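The values are calculated or read from the model by the stated rules, or taken from the named source; none is laboratory data. The structure displayed is predicted, hence computed values, not measured ones. With ideal geometry, Cβ positions are generated from the backbone for all residues, glycine too; neighbour counts draw on all protein chains shown. In case anyone asks, the SASA skips ligands and DNA or RNA and just uses the protein heavy atoms, side chains included. Shrake-Rupley method; radii C 1.70, N 1.55, O 1.52, S 1.80 Å.
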Amino acid sequence: MALPLQTERLILRPYTETDIAELLPLVGTREVAATTLRIAHPYTEQDAKSFLALAKDADKIWLAITLRTNCRQVGGIGMRVDQEHKHAELGYWLGKPYWGKGYATEASREMIRYGFEDLGLHRIFATHFKHNPASGRVLKKVGMRYEGCQREHLVKWGEFVDSEMYGLLRQEWEVGE
Ligand SMILES: CC(C)(COP(=O)(O)OP(=O)(O)OC[C@H]1O[C@@H](n2cnc3c(N)ncnc32)[C@H](O)[C@@H]1OP(=O)(O)O)[C@@H](O)C(=O)NCCC(=O)NCCS
């Protein structure tokens, strides 16, 4: 299936410049930045423009998560693809008003299907900060296996933080499906 991707409640579609006004207040909260590695805080219009430019790279797929009912943006989801190794890193965020509704899980399931079925990937992986158990729960719900903890692997806002690793192989996903 070509982009955009659809799930029961969501449409995952490429960003356009006109998305910036709706994107800024959603991605710009401290709560969203606190548990992500690459989302700046404060998050400026220039940050959004740089992100949209980066999202055009062939090996990066960043899609707006939008609601089927009203087309509103609720978050973002992406994969950084490494063609040589046929693997990709999955990442996602939801605006705070939309947490706890299963959207990250629903969007991730579809991105994983897209990665294996449409892009022919062999492995999809993801990491989260130890202080973000909700993301670990999402990764488990979509069938990823826990692969270990990289202790104090990253610096976030001046502190060393543990990075928890999860991964899913194509053959495991096929059995799960
Ligand atoms: C992490 C995040 C993406 C989750 O999105 P979401 O749409 O709320 O996730 P879902 O509703 O699909 O699933 C969340 C699960 O985590 C669970 N959860 C929430 N808070 C939790 C906590 N403190 N500890 C353990 N589990 C928690 C929920 O109960 C739910 O599991 P359940 O369905 O078994 O009840 C969202 O909180 C977010 O965008 N945070 C900021 C950005 C971010 O951290 N991105 C990920 C970087 S790795």
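Values as computed for the structure displayed
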{"item": "Every pair of residues 6+ apart whose Cβ atoms lie under 6 Å, when the first sits in segment 149-162 and is free of Cβ contacts under 8 Å to residues at least 60 places away in the same chain while the second is outside any strand (DSSP E or B) and open to solvent by 70 Å² or more (accessible area, probe 1.4 Å)", "result": "162/130"}
{"item": "Identity of the residue in segment 114-140, among the hydrophobic types (A, V, I, L, M, F, W, C), in a helix (DSSP H, G or I) and more than 7 Å from the ligand (Cβ to nearest atom), that ends up surrounded by the fewest Cβ atoms within 10 Å (Cβ to Cβ)", "result": "116"}
{"item": "Residue 172 modelled with pLDDT of 95 or more, assigned to a strand (DSSP E or B), in contact with a Gly (Cβ under 9 Å, 6 or more places away or on another chain) and not hydroxyl-bearing (Ser, Thr, Tyr)", "result": "no"}
{"item": "Filter pass, residue 102 being open to solvent by less than 40 Å² (accessible area, probe 1.4 Å) and either in contact (Cβ under 8 Å) with a residue 12 or more places away in the chain or within 23 Å of residue 18 (Cα to Cα) (or both)", "result": "no"}
{"item": "Answer from 164, 89, 152 - the residue that is away from the ligand (no atom under 14 Å from the Cβ) and either more than 24 Å from residue 11 (Cβ to Cβ) or assigned to a strand (DSSP E or B) (or both)", "result": "152"}
{"item": "Neighbours by Cβ (under 7 Å, 6+ apart or cross-chain): first from segment 28-41, closer than 11 Å to residue 92 by Cα; second open to solvent by 80 Å² or more (accessible area, probe 1.4 Å) and assigned to a helix (DSSP H, G or I)", "result": "32/96"}
{"item": "Test: residue in segment 49-63 that is in a helix (DSSP H, G or I), modelled with pLDDT of 95 or more and exposed (fewer than 15 other Cβ atoms within 10 Å of the Cβ)", "result": "yes"}
